[in-house]
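Have a look at the structure below, then the notes.
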Amino acid sequence: MSKIKDAKMAGDGELELAWARANMPALMSIRKRFEREKPFRGLRIGVALHLEKKTGILLETLKAGGASVAASSCNPLTTDDRVAAALAREMEVYAWEGESASEYDWCLNKVLDSKPDIVIDDGCDLILLLHDKRKEMLANVRGACEETTTGVRRLKAMEREGKLKLPVIAVNDAYSKFLFDNRFGTGQSTVDAIMRATNVVLAGKRVVVVGFGWCGRGIAERMKGMGARVIVVEAAGVPHEGGASSYHRALEASYSGYDVMPLEEAARIGDIFVTATGNKHVIAGRHFELMKDGAIVANAGHFDVEIDAKGLREMAKKARRLGANLEEFELKNGRKVRLLSEGRLVNLARPSGQGHPIEIMDASFALQALCAEHIAAEGKKMLPAVHSVLAAVDENVARLVLEAKGIYLENMSAEQARYANSWKEGTE
């Protein structure tokens, strides 16, 4: 029933899953409760996520809760074939590293063929497919969860136009998700992937971070920590989380010690460029022509549209592959531009991309599991709209992660609690 690269890889995949289980205490505590309570009994869950070991533990948790699970990847390059083989022993899996565009679409459709009651998506491709070519299934889907900034933006655009026909929880917009996943997870995993693919030293390099949302902020922080000289690029008019404008983000970047300038200026002096905007062709032909010889370009946004990779290939007079995730393009001016992971998500494109650290995804997937549980219980009553993660769920996940680390908060005294909630007391 499943379609994977090689079932013989399952043994190695199980070792990967075992390591993840040992380092995801918050999600494992939820799994134990799910095993007792079976909140998904009789339900089918369709998933499009990056299929690697951390995702595997989420899928196991959903299955432990009584669900039948069908899963595909949300990106053609981000499947760990070992993990996919191990998971295929227990559930439907349609994914392999290096899918073509048509194969990718086929895998998404196979997930929908399982007739899911709940959908968990990363980037909104699965939800969009439901609304576009599989409309007949919409009435039977209780709701969905969306993992990424890019996906939530697409969903909100659908909602504004009256096109969204499902309740969708914007898991990405939970404050804890912004904090540990987008900021610390993307920051570390992007730096790690660039170093694995290139083996260059970051200290002293001028690293240009295009986009200073939560992901861009995390990348800039980690690059600065590695000794890089960070330049931030922000575009006016770009929507950001929490009501902040591009001007707020640029101001924050400046106060954080980064240089802030337009990309046309940064292109002339940058050594490494990383996009994290969720927008299209933010690095394009006019920028490549300005870059100095040997510039490295990578994308940390969900879709492969942020860097105009097609335009780069067309304008190059020579091209060669230097490694699994590294291509070199010689331009007509004689300068060479190095592109990582075909312009796809650098921190997850295998083999150099390993994804977010396990502990980070422990918290992110704990959010996913609890939001899916909420949809199982309440989805039929929810309006077709983009819904926020319940504050109690968001806080509960932060508490679970802290307690797993042995960290507990101090309790306020009764007097302090009264004071915090009163307007009558002031200066003594």
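The values are calculated or read from the model by the stated rules, or taken from the named source; none is laboratory data. Values in this document were obtained by computation on a predicted structure and should not be read as measured data. Here Cβ is always computed from backbone atoms with ideal geometry, including for glycine, and neighbour counts include all displayed protein chains. Only protein heavy atoms, including side chains, enter the accessible area calculation; ligands, DNA and RNA are left aside. Shrake-Rupley method; radii C 1.70, N 1.55, O 1.52, S 1.80 Å.
Some notes on this structure:
- Mean residue ellipticity (222 nm) of the chain, computed from DSSP H runs ≥ 4 via -39,500 (n - 2.57), nearest 500: -12000 deg cm²/dmol
- Summarised as an ellipsoid, region 263-330 has semi-axes of 17, 15, 12 Å, derived from the eigenvalues of the Cα gyration tensor scaled by 5 and square-rooted, with the largest first.
- The modelled label-to-label distance between residue 319 and residue 252, using points 7 Å beyond Cα along the C-beta direction, is 3.6 nm.
- By the Kirkwood approach, averaging reciprocal distances over each pair of separate Cα atoms, region 78-123 gets a hydrodynamic radius of 11.5 Å.
- Spin-label model, residue 416/residue 264: points 7 Å from Cα along the beta carbon direction are separated by 5.5 nm.
- Of (i) 218; (ii) 172; (iii) 184, the label for volume of the Cα convex hull per residue in Å³ derived from the coordinates: (ii)
- Calculated from backbone phi, Karplus (6.51, -1.76, 1.60) coupling profile of region 258-275 in Hz, x at Gly/Pro: 9, 6, 10, 7, x, 5, 4, 6, 5, 4, 6, 10, x, 9, 10, 10, 10, 9
- Accessible area (Å², per residue) of the chain, counting only protein heavy atoms and a probe of 1.4 Å: 45 Å²
- Derived scalar couplings between HN and Hα for region 56-69 equal x, 5, 4, 4, 5, 5, 5, 5, 4, x, x, 7, 9, 10 Hz in order, rounded to whole Hz, by the Karplus curve 6.51 cos²θ - 1.76 cosθ + 1.60 (θ = phi - 60°), x for Gly and Pro.
- Rounded to the nearest 10 Å², the accessible area of residue 175 at probe 1.4 Å: 130 Å²
- Cβ charges +1 (Lys, Arg) and -1 (Asp, Glu), total dipole of region 317-428, debye: 1300 debye
- Here region 284-428 is described by how far its Cα atoms reach on the three principal axes: 73, 48, 33 Å, from widest to narrowest.
- Amide H to amide H distances under 5 Å link residue 122 with 48, 147, where only residues 5 or more positions off or on other chains count and H is placed in the peptide plane.
- Coarse-grained scattering of region 365-409 at q = 0.17, 0.29, 0.32, 0.34 Å⁻¹, given as base-10 log I(q)/I(0) from a Debye sum over alpha-carbon atoms: -0.54, -1.08, -1.18, -1.23
- One decimal place: the segment residue 18-residue 200 gains 62.3 nm when fully extended, by the rule 0.36 nm per residue minus the C-alpha distance.
- Among the GluC sites (Glu not before Pro) found in region 53-149, those both in a DSSP coil and sparsely packed, with 13 or fewer other Cβ atoms within 10 Å of their Cβ, are 90.
- Additional length obtainable on full extension of the chain from residue 33 to residue 135, 0.36 nm per residue less Cα span: 33.3 nm
- Percent RCO, i.e. relative contact order, over the chain, from Cα pairs under 8 Å lying at least 6 residues apart: 17 percent
- Pairs from 115/177; 115/380; 5/133; 53/177; 205/336 whose Cα-Cα separation, in the structure shown, is over 22 Å: 115/177; 5/133
- Nonlocal amide H pairs with residue 144, under 5 Å, H built at 1.01 Å: 119, 168, 169
- Amide proton proximity set for residue 164, modelled H, under 5 Å, gap of 5+: 159
- Along region 365-372 the Karplus relation, 6.51 cos²θ - 1.76 cosθ + 1.60 evaluated at θ = phi - 60°, assigns HN-Hα couplings of 7, 5, 4, 4, 4, 6, 5, 5 Hz to successive residues, with x for each Gly and Pro.
- Separation of alpha-carbon centers, region 98-135 and region 188-230, rounded to whole Å: 33 Å
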